[in-house]
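*Asks:* Take this structure, written in structure tokens, and hold onto it; I'll ask about it next.
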Amino acid sequence: MGRSKGLRGVSHLVILDKQAVQALGDPGHTKHRRVVSHVQIAASRKRRAEVVQVVVPTTVRVEAGWDRQSAAWAFASRLRIADVPLDQTHSNAAAAIRSETEVGAAEAHLGAVVHSTSAMHVTVVTGDPGSMRLVAADRQITIVVM
């Protein structure tokens, strides 16, 4: 699978899944502080010159209901979390993952991001470690269960 141009030069990629995004967007969610903590840790590593990027696949963002223009999502939208669009390369990879694993579109898109990055280290913040292992296939990832 191809490497995404927007994710080159990153040494550590942190990807949020739907449950992590939902927790991030709701201060009353029991896992909110945990997800915010992981995003803040990534930000502190950036200050130490380690190239860390926190991302969310756009299909994950849609399924989680994250509207960057909504006042309800103002806190999350201020964080430095980049979107990874479902472009042609990611679409093809996600379709292949979906047909091989029967996961949903958002999980398949997340898997396509895992496989397309040139980052040496990939961390997925998730509430569903089984699906993340499935979509990662043979790619080594660190799974942080929230």
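The values are calculated or read from the model by the stated rules, or taken from the named source; none is laboratory data. None of these values were measured; they are calculated from a predicted model. Ideal geometry is used to build each Cβ from the backbone, glycine not excepted, and the neighbour counts take in all protein chains shown.
*Asks:* What are the residues in the range 97-106 that are assigned to a helix (DSSP H, G or I) and surrounded by 14 or more Cβ atoms within 10 Å (Cβ to Cβ), if any?
*Replies:* Residues satisfying the conditions are ILE97, ARG98, THR101, ALA105, ALA106.
*Asks:* Please determine, by comparing only the residues of the range 58-96 that are touching a helix residue (DSSP H, G or I) at 6+ places or on another chain (Cβ under 6 Å), surrounded by fewer than 19 Cβ atoms within 10 Å (Cβ to Cβ) and not charged (D, E, K, R), which one is modelled with the highest pLDDT.
*Replies:* Out of the qualifying residues, it is PRO85.
*Asks:* Moving on to the next point. May I ask you to list the residues in the range 58-91 that are farther than 22 Å from HIS29 by Cα, assigned to a helix (DSSP H, G or I) and without any contact (Cβ under 8 Å) to a residue 40 or more places away in the chain?
*Replies:* Listed by number, the residues that qualify are GLN88, SER91.
*Asks:* Would you please name the residue that is surrounded by the fewest Cβ atoms within 10 Å (Cβ to Cβ), looking only at residues in the range 107-129 that are small (Gly, Ala, Ser) and either under 14 Å from LYS18 (Cα atoms) or in contact with a strand residue (DSSP E or B) (Cβ under 6 Å, 6 or more places away or on another chain) (or both)?
*Replies:* If we take residues in the range 107-129 being small (Gly, Ala, Ser) and either under 14 Å from LYS18 (Cα atoms) or in contact with a strand residue (DSSP E or B) (Cβ under 6 Å, 6 or more places away or on another chain) (or both), then GLY127 is surrounded by the fewest Cβ atoms within 10 Å (Cβ to Cβ).
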